[in-house]
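K.L.:
Supplied in structure tokens, the structure appears directly below.
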Amino acid sequence: MRRASLASVSLTLAACATAPGLPRSQPCDTQWTDGTSTHASAVFRDPDPAPAPQPGSPADHDAPQGPPPPVAPPRPPQGTWRAGEVAMQGYFGASFLSVNTEGGGIGNIDDDDVSFPTIGGGAQWKIAGDQFDFGVEGLLAFSWRGNVSAFAVGGGGAAVAVDVDMLMFDLYGGPFVSKFLGDKVRIYGAAGPLMRWALYDQDGPSGFGGDGNGFGFGYYARAGIEFALSRGTMLGVCARWTDVAVDLNSRLGDLDMSGFEALLTITQGF
């Protein structure tokens, strides 16, 4: 009888452990065959182990990855020139001028074709503008020429061959306007007053020679086109017209010069 009771308890406990409707932590009551009730020990089922996350699973994406790396601000496109910024420009080329002296006490020269090597540079400061850029510019230029052959005309109408040496220094500036055509091409134009200092030496026979220097004022106008060479740097060409008269403060009188320059430019700062 005792053995039958023990077998009955074992079967009951096994049934409680595998019953689907019972919570895992809920104990199971059993009934002895002799009518007495006893409380069986709680039977727990081990939970199934959680599967290990696989590489590339959503769990990997949900896991904290740390702060993202800093992102550099985007660089403005070529051709973006903000108000207040300055572009620096240098140039070299040649001047083709008409040169004459008048009002002096010696033979005057009148030569319509005198060329000078020229070098210079300066800055353009943008003040305003969106589709068009508006601002002011200021530049310097240096030109020189030695042993220029010319003819000086005396009071009696006689023409005498002379040699002329000249050196000129220009300071000029004024308003400008420019526009980018896309992000690779820029066109611009400017005009304004010009101040020139000139050193002049005329070598000829007696009554046709002399030297002097002085300042004079005039105007200039120029226009150019530039092409992107690299980021922030443009290479281009420019033409400049000048017209100025210099008082030489001597027997030479006034030195009048007018003509244009053909220049190769390089600009940086956009």
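The values are calculated or read from the model by the stated rules, or taken from the named source; none is laboratory data. Computed from a predicted structure; not experimentally measured. Here the Cβ positions follow ideal geometry from the backbone for every residue, glycine too, while neighbour counts run over all protein chains shown.
K.L.:
For segment 108-154: of the residues being among the hydroxyl-bearing types (Ser, Thr, Tyr) and at pLDDT below 95, which is farthest from THR265 (Cα to Cα)?
P.N.:
My answer is SER149.
K.L.:
Report yes if ALA198 is in contact with a Phe, Trp or Tyr (Cβ under 7 Å, 6 or more places away or on another chain) and in the same structural domain as GLY135 (by TED's automatic domain parsing), otherwise no.
P.N.:
Values: in contact with a Phe, Trp or Tyr (Cβ under 7 Å, 6 or more places away or on another chain): no; in the same structural domain as GLY135 (by TED's automatic domain parsing): yes.
Taking the combined requirement at face value, the residue does not satisfy it.
K.L.:
Filter segment 155-184 for residues that are among the β-branched types (Val, Ile, Thr) and modelled with pLDDT under 95; which is surrounded by the most Cβ atoms within 10 Å (Cβ to Cβ)?
P.N.:
Of everything passing the filter in segment 155-184, VAL164 is surrounded by the most Cβ atoms within 10 Å (Cβ to Cβ).
K.L.:
If you check PHE260, PHE227, which single one turns out to be assigned by TED's automatic domain parsing to the domain that holds VAL162, part of a strand (DSSP E or B) and either farther than 20 Å from PHE142 by Cβ or touching a helix residue (DSSP H, G or I) at 6+ places or on another chain (Cβ under 9 Å) (or both)? Give the steps one after another, and end with the answer.
P.N.:
On the way: PHE260 fails: either farther than 20 Å from PHE142 by Cβ or touching a helix residue (DSSP H, G or I) at 6+ places or on another chain (Cβ under 9 Å) (or both).
Going through PHE260, PHE227 in turn, just one is assigned by TED's automatic domain parsing to the domain that holds VAL162, part of a strand (DSSP E or B) and either farther than 20 Å from PHE142 by Cβ or touching a helix residue (DSSP H, G or I) at 6+ places or on another chain (Cβ under 9 Å) (or both): PHE227.
K.L.:
Something else: Only one of these is in contact (Cβ under 8 Å) with a residue 60 or more places away in the chain, more than 21 Å from CYS238 (Cβ to Cβ) and not charged (D, E, K, R): GLY104, GLY146. Name it.
P.N.:
Selected residue: GLY104, the only one of GLY104, GLY146 that is in contact (Cβ under 8 Å) with a residue 60 or more places away in the chain, more than 21 Å from CYS238 (Cβ to Cβ) and not charged (D, E, K, R).
K.L.:
Would you point out the residue of segment 226-270, among those that are polar (S, T, N, Q) and buried (at least 17 other Cβ atoms within 10 Å of the Cβ), that is nearest to the chain's Cα centre (by Cα)?
P.N.:
THR267
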